[in-house]
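The values are calculated or read from the model by the stated rules, or taken from the named source; none is laboratory data. Keep in mind the model is a prediction, meaning the values are calculated, not measured. Cβ placement follows ideal geometry from the backbone for every residue including glycine, while neighbour counts extend to all protein chains displayed.
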């Protein structure tokens, strides 16, 4: 007892799905929140000299944030 799916039924299903998407709020919750005045980073890590590479996620130790990264004091010019 296999039932064939008609073109009409496929189009009705696609239309119902599209209508459901249009009627629902398609935005994520973060997009509805108020946007900050600036999208710039609050903290910017700058090495003492040269360049830094591959920063890791900051961790908290004794109430202070620690950021681990690779550092080279040698300046290889633009593009590394």
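In the condition set (1) at pLDDT 70 or above; (2) assigned to a loop (DSSP other than H, G, I, E, B), residue 71 is compliant with all but (2). The residues of segment 51-66 that are assigned to a loop (DSSP other than H, G, I, E, B) and in contact with a strand residue (DSSP E or B) (Cβ under 8 Å, 6 or more places away or on another chain), listed by number, are 54, 58.
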